[in-house]
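In what follows, a single structure is set out as structure tokens and then discussed.
The values are calculated or read from the model by the stated rules, or taken from the named source; none is laboratory data. In this text, all values refer to a predicted model and were calculated from it rather than measured experimentally. Note: areas computed on protein heavy atoms with side chains; ligands, DNA, RNA excluded. Shrake-Rupley method; radii C 1.70, N 1.55, O 1.52, S 1.80 Å.
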Amino acid sequence: MTTRPPVPVPSGGEPSGEGVRRLRLDGASGVVPLARDFARQALYAWGWLPASGADRRAAAEDVLLVVSELVTNACLHAGGPEEIRISCDNKVIRVEVVDRGTGQPAPRTPHRAGRPGGHGMFIVQRLCLDWGVVRAQGVGGKTVWAELGAPA
């Protein structure tokens, strides 16, 4: 895990020239499926879906799983997500979830396969090229980000 600043994004949830989208989640209900649908729409807009083969389909499903895990983590441990941002540069998808939490997400160690709960950040760590946390300066909260590579 490394600390890298969040990618700047335009407002409005629309793609920009850099392929960035954002969605406010603060106060919304059903945020996990809402975030997954939002990410799925972005993947369609960027040509990741419909997938042309098994590798591309698996890569898109990995993105959706990471979105689910990060948003669920924010719900369970950080008072809920405020916003999700997703960006694409054709080779890497970056997912960012902003919350007001003060905790530090980390994969559960030791990982206990077959036991319920506690797998979210382990899954993120296994699927992603990199992930990290950026703390907001002077205010509470953080941005948890993860980057996934496009299939070759």
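Computed extension gain for LEU76 through ALA136, at 0.36 nm per residue and net of the alpha carbon distance, reaches 19.6 nm. Our coupling estimate for segment 21-32, obtained by passing each phi through the Karplus curve with A = 6.51, B = -1.76, C = 1.60 and θ = phi - 60°, is 10, 9, 9, 6, 10, 4, x, 7, 9, x, 5, 5 Hz, Gly and Pro reported as x. A cut-off of 5 Å between modelled amide H atoms, ignoring neighbours fewer than 5 places along the same chain, links ARG108 with MET121, PHE122.
Phi-derived couplings, Karplus 6.51 cos²θ - 1.76 cosθ + 1.60 at θ = phi - 60°, listed residue by residue for segment 76-81: 7, 10, 9, x, x, x Hz, with x used for Gly and Pro. In the assembled protein chains, SER87 presents an accessible area of approximately 20 Å² (probe radius 1.4 Å).
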